[in-house]
Amino acid sequence: MTPKQLKTHKSLIVQVHTSPRYKNYYKDNREAYEELLYNAFGKRSSKALHVTELIQLVSYLNMQTDALPVFTPKHCTPSQAWKIMSLWEQKARDKSEQALLNFCKRIVKRECESTATLSVDEAKKVLIALQKLQ
């Protein structure tokens, strides 16, 4: 980002954390705040948001708009799911699917019904973790 964009980004982060809705509810409830961000933007931290997303968030937290957009995650590609399964079969001691799902839960910090329900970014994280396994 350019210096001007960084300054705008920092300014919007400050506005998020000083907004009335954030102070009254989300300041003391971190899980609810992360869930709000994930449901709206697919990210768990306001620092990871782009400037346009931060503007929408500030507007919502300052009670200028009634709702945020709904984020629909893109599921991992079939090749990612295949690669996860093949790496798991090569490197894991317990090769069961339940063990793989527990591993995924530990990496992505949420329950997974199957590897196909992982988002593209979550699948990347799991693949990186699997490649680091000895």
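The values are calculated or read from the model by the stated rules, or taken from the named source; none is laboratory data. Predicted model only: the values in this text are computed from it and were never measured. Glycine also receives a Cβ, built like all others from the backbone with ideal geometry; neighbour counts cover every protein chain displayed.
Quick check, is residue 65 of a type outside the set (Asp, Glu) and in contact (Cβ under 8 Å) with a residue 40 or more places away in the chain?
In short, no.
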Quick check, is residue 37 closer than 30 Å to residue 6 by Cβ and either in contact (Cβ under 8 Å) with a residue 24 or more places away in the chain or not assigned by TED's automatic domain parsing to the domain that holds residue 7 (or both)? no
For the stretch 117-132, name all the residues that are under 14 Å from residue 83 (Cα atoms) and not in a helix (DSSP H, G or I). 118
Does any residue of the stretch 92-101 turn out to be touching a Leu at 6+ places or on another chain (Cβ under 8 Å) and touching a residue at least 12 places away in the same chain (Cβ under 8 Å)? yes
